[in-house]
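Asker: This is the structure, below, for whatever I ask next.
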């Protein structure tokens, strides 16, 4: 990313409200979204702790804050813990299938129900089809939707937006049925993405950022072993995990 004409430009955004702690100010490092080589650089960017949102590939770069920790799961070493095994058992009636990353009426309706329940007042409540496609699908990335459906009724329970790169999968975003909370659909989606990565012989599943003390991010530390990006490379990481016997 040096100064030659062949380099990929890297920008630092102006300060903006933090998406995780609204009272804080955030800044990001962003790769040039107009560079036609971005799809080629994307796998490398994931390996540098970046993440995709729409057409933007970014990494938090906040002054005085290092709360966002990029994490990933080494697929061959992962074994579900007791809580995750119970989640799989609870959802034995749920089928998964990988489909094209496209918006349709059924998926969009589920997305709206999810946002109205889980992110009410968070600025995403008024997302329409255009925002759905802009945020989740993007223009240049290789993505699929992992659908979770109830066997028999074929009811759509969850959609996990997943990016494909040569050696890994990246879990971009998951939305699921709000009235099926007891199923643990967020956890189930990751477990099914791990199964998918294992079938394909991929080495890792990228989970984005874990944030210590943030309720919505806490579930990620339950997937062990876990690796974190320390600014130079990926290292094994075992944040304290308490067993869930509920």
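The values are calculated or read from the model by the stated rules, or taken from the named source; none is laboratory data. In this text, all values refer to a predicted model and were calculated from it rather than measured experimentally. Note: ideal-geometry Cβ built from the backbone for every residue, glycine included; neighbour counts use all protein chains shown.
Asker: Are any of the residues in region 32-39 touching a residue at least 60 places away in the same chain (Cβ under 8 Å), outside the structural domain of residue 186 (by TED's automatic domain parsing) and closer than 22 Å to residue 231 by Cβ?
Answerer: Looking through region 32-39, none of the residues is touching a residue at least 60 places away in the same chain (Cβ under 8 Å), outside the structural domain of residue 186 (by TED's automatic domain parsing) and closer than 22 Å to residue 231 by Cβ.
Asker: Is at least one residue of region 182-205 modelled with pLDDT of 95 or more, in the same structural domain as residue 97 (by TED's automatic domain parsing) and part of a strand (DSSP E or B)?
Answerer: yes
Asker: In addition: I'd like the full set of residues that are in contact (Cβ under 8 Å) with a residue 12 or more places away in the chain and either over 16 Å from residue 214 (Cα atoms) or in a strand (DSSP E or B) (or both), limited to region 17-29.
Answerer: 25, 26, 27, 28, 29, listed by residue number.
Asker: In addition: Identify, by number, the condition in (1) within 22 Å of residue 216 (Cα to Cα); (2) under 19 Å from the mean Cα position of the chain (by Cα) that residue 139 doesn't meet.
Answerer: It fails just one condition, (1).
Asker: Right, residue 8: more than 21 Å from residue 210 (Cβ to Cβ), in contact with a helix residue (DSSP H, G or I) (Cβ under 6 Å, 6 or more places away or on another chain) and either surrounded by fewer than 17 Cβ atoms within 10 Å (Cβ to Cβ) or modelled with pLDDT under 90 (or both) or not?
Answerer: Taking the combined requirement at face value, the residue satisfies it.
Asker: Right, something else. So how many residues does region 5-16 have that are in contact with a strand residue (DSSP E or B) (Cβ under 9 Å, 6 or more places away or on another chain) and part of a loop (DSSP other than H, G, I, E, B)?
Answerer: Applying the first criterion (in contact with a strand residue (DSSP E or B) (Cβ under 9 Å, 6 or more places away or on another chain)) to region 5-16 yields 8-13, 15-16.
Checking the rest, the ones that are also part of a loop (DSSP other than H, G, I, E, B) come to 8-9, 13, 15.
The qualifying residues number 4.
Asker: Specify the residue that is nearest to the chain's Cα centre (by Cα); the eligible residues are those in region 142-161 that are touching a residue at least 60 places away in the same chain (Cβ under 8 Å) and closer than 18 Å to residue 186 by Cβ.
Answerer: Result: 161.
Asker: I'd like to verify a number: residues in region 170-184 that are farther than 21 Å from residue 104 by Cα and either buried (at least 20 other Cβ atoms within 10 Å of the Cβ) or touching a helix residue (DSSP H, G or I) at 6+ places or on another chain (Cβ under 7 Å) (or both), how many?
Answerer: Counting residues in region 170-184 that are farther than 21 Å from residue 104 by Cα and either buried (at least 20 other Cβ atoms within 10 Å of the Cβ) or touching a helix residue (DSSP H, G or I) at 6+ places or on another chain (Cβ under 7 Å) (or both) gives 3.
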